[in-house]
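A quick write-up on the structure given underneath.
FYI, it's all coordinate maths here, none of it is from the lab. Just so we're clear, the structure is a prediction, and the values are computed from it rather than from any experiment. Here Cβ is always computed from backbone atoms with ideal geometry, including for glycine, and neighbour counts include all displayed protein chains.
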Amino acid sequence: MRKRIAVLAVFFTAAMVRAQCVSTVQPISQPFSFPNHAAGPIATDGTILGLAKNDTSTSSPAIFFAEFDANLNQITAERSITASSINGATHLFWADSEFGLFYQRTDATAMLQRIDRAGNPNGSPIPMPHTWSFNDEFDVTWNHALSAYAVVHSVTFGLDRGLWLSLISREGNVLTDVTITSFEAYPAQPRVAAFANGTVGVVWARSGPSPATFMTLVSGTALNEIDVTERQVIRPRMASDGNSILFIFTSPKTGGGTELRYVIVNAAGTIKTADSSLMSGSGSDIAASSLIWNPTLAEWALVYIDATIGLNVFADTRLRRFASIGSSSQSDTLLSPDPLHSRLSAPFPIVFLANGYVASIQQIGPDAQGSESYLVRLCPFVATAKADHPTWRPFAPVTFTATGSGGTPGYSFQWQFGDNESATGTVVQHSYNVPGTYTVTLTGTDAAGAKSVTKITVTITTIGRQRTVHH
C-alpha cells in the first residue's frame, strides 16, 4: 500500500501553474519479501517516471523496468531487461523520445538498452565502444543539444588504455570518439556533464604523489584542459545549468573530518569560482550523492550524506536546494518526507516531477535478506506573499499575508518592505509615506530549516486619490 505522508497545496510564482504536490512514500522492496527487486535509477519525461529495478537477492543482479504515474503508482508491469549484470542498472535517462538504461554485463562491458515510451525494451542491448575490464570506471549523461549520450570511460587494460569520451546516438552509433588523456595510474574518477551548446565537460583525476583533478572541455574533437584543484578529491559529482558546470567533491579538512568543496567553470573554459569551501556537515564527514540543475525552479538540488561518524555510520541523507552558491534562499532538509527513512541512501540522481523532487532510496542487505527500498517525493517548501492593495495611497496601511506550503509544517515569515522597514509574522501591516514602487521580500522558513524567498511589488501613488468635497 502506498503511504501518503501529507497533502500539501503548492503555489508557485505567477509564471508557474498552480498545482498540487503530494509528499509520498511508495514501497518498492522490503526485506525477506521476494522477489526482491530494489529501486534503482529513475528518469522522467515530465509526465511519467521510469524506474530500473535490481534483483539484489543475487550476486549478479537481474534488471527490470517499470513505469509510474506522477503520484508514484505503478502503471506498467515489470519488463525484464537482462538476466544478469555486475551491479544492476547504473544510469537511466529520458533521451527526448525514449528511455536509455545503462548497466555492465557480467564481463564488465557497459551496455545500453533502449526502452520505448510504453516501457518496452526496444531491440537488443548495445555494447559501448572499447575494451572493458573490472577496474574500469565510467559515467554517462544525455547531451540534448547533440541528441547523443556522452560516455566517459577510463580504460585500464589493453591497447587503448586511457580516458575516452564517446558520443553515442540513441540507436547506439558512435558519433565521436576522442582520447581525453593517456595515463598509467587509476582510478580517474571520471564525471561528465554537457552545456547547452553541446560542449561536454569531463572531470578526471590523475593519481600520484601530488594529486590533481582536471576538467577537459570537448567540442567536436577540440580539447581544452583546465586544472580545477590539487586537493584530494573524493566522490566527485557535477551538473550543468546550460551555461556553467558546478563541480562538487568531498575533501579532507585540516584537523580531521571532511567538507564539501566546489568549482564553477563556464562553457568557454573560464573558472568562474576557483576551488572553494561549500559546507561542512553536522558531524565528522560529508559527501555528495548526486547533483542536478532544476530548470523549473531555477535551482540546484544537491543530495548529500551528513555523517556523525564515518559515511556509513549514523548518516542522514539530505537535500540542499539553492539558486546560487551562498544564496539567501538556500534550503536544507531530509530527503525523505518520512524521517524513519532518513538513513537510507540515495545513490542515483533525483528528478523533478509533479512539482516535487522524486528520489529512489534504498538499503541493501545480505543476499538472503534482500533490500528495503522506496520511491519518495518531497514537496519543496514554498512561501507566497499577497498584498490586499497592490496599488495604494501614502500613509494608508497595506495588509500583507504570507502562506506556506510543502516542506515541514511549522512556518515562520520575515518581511522586508523595500523602504528599510521590516516585520515578522503571517499577517502584517505596513504604511508607506513616499509615492513610488516598492519591492517587498518575504523569506519563509519551515520547521526543518528549509527557506523560500518570494518578492511582490506595491505601488504607492497620489493619482486618483479620493478628495473630500466641500460645500
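For segment 208-317, which GluC sites (Glu not before Pro) pass both filters: DSSP loop (anything but H, G, I, E, B) and at most 16 other C-beta atoms within 10 Å?
E230
As a footprinting exposure proxy, order L344, L297 by other Cβ within 10 Å, with the fewest listed first. Before the final figure, lay out the partial values.
On the way: L344 24, L297 18.
Ranking L344, L297 by Cβ neighbours within 10 Å, fewest first, gives L297, L344.
Putting +1 on Lys and Arg Cβ atoms and -1 on Asp and Glu Cβ atoms, find which of I456, P409, Y432 reaches farthest to the positive end of the dipole of segment 383-460.
Result: I456.
Put +1 on the Cβ of every Lys and Arg and -1 on every Asp and Glu Cβ in the chain; which of T199, M111, L278 then has its Cα farthest towards the positive end of the dipole?
L278
Dipole magnitude of segment 383-460 about its Cα centre, charges +1 at Lys/Arg Cβ and -1 at Asp/Glu Cβ only, in debye to the nearest 20?
So the dipole magnitude of segment 383-460 works out to roughly 100 debye.
Report the one residue of N54, C21, T181 whose Cα lies farthest in the direction of the positive end of the charge dipole of segment 3-382 (charges on C-beta: Lys and Arg +1, Asp and Glu -1; origin at the Cα centre).
Value computed over the given set: C21.
Quick one: dipole size for segment 58-149, taken about the Cα centre, charges +1 on Lys/Arg Cβ and -1 on Asp/Glu Cβ, in debye to the nearest 20.
For segment 58-149, the charge dipole is close to 180 debye.
Let me see the P(r) profile for segment 89-180: every Cα-Cα distance counted, bins of 5 Å, each bin given as a percent of all pairs.
Cα pair-distance distribution for segment 89-180, in percent: 3, 15, 26, 26, 18, 9, 3, 1, 0.
Taking 8 Å as the Cα distance limit and 6 or more residues as the minimum spacing, I'd like the relative contact order of segment 77-228 as a percentage.
Relative contact order of segment 77-228: 13 percent.
N266 to E230: extension gain in nm, 0.36 nm per residue of separation minus the Cα-Cα distance?
Value of the extension gain: 11.0 nm.
Taking the Cα centre of the chain as origin and charging only Cβ (+1 Lys, Arg; -1 Asp, Glu), how large is the dipole, in debye to the nearest 20?
For this selection, approximately 1340 debye.
Mind computing the radius of gyration and Dmax over the alpha-carbon atoms of segment 383-460? Å is fine for both.
Over segment 383-460's Cα set, Rg and Dmax evaluate to 12.6, 39 Å.
Can you put H144, H37, H430 in order of Cβ neighbours within 10 angstrom, beginning with the fewest?
Fewest to most other Cβ atoms nearby, the residues stand as H144, H430, H37.
Between F157 and I463, with labels modelled 7 Å along Cα→Cβ, what's the label distance in nm to one decimal, could you check?
Going from the F157 label point to the I463 one covers 7.8 nm.
Counting other beta carbons within 10 Å of each residue's own, what order do K253, K455 fall into, fewest first?
Going from sparsest to densest Cβ surroundings: K455, K253.
What are the equivalent ellipsoid semi-axes of the chain, built from the alpha-carbon gyration tensor (square roots of five times its eigenvalues), in whole angstrom, biggest first?
The three semi-axes for the chain are 44, 26, 22 Å.
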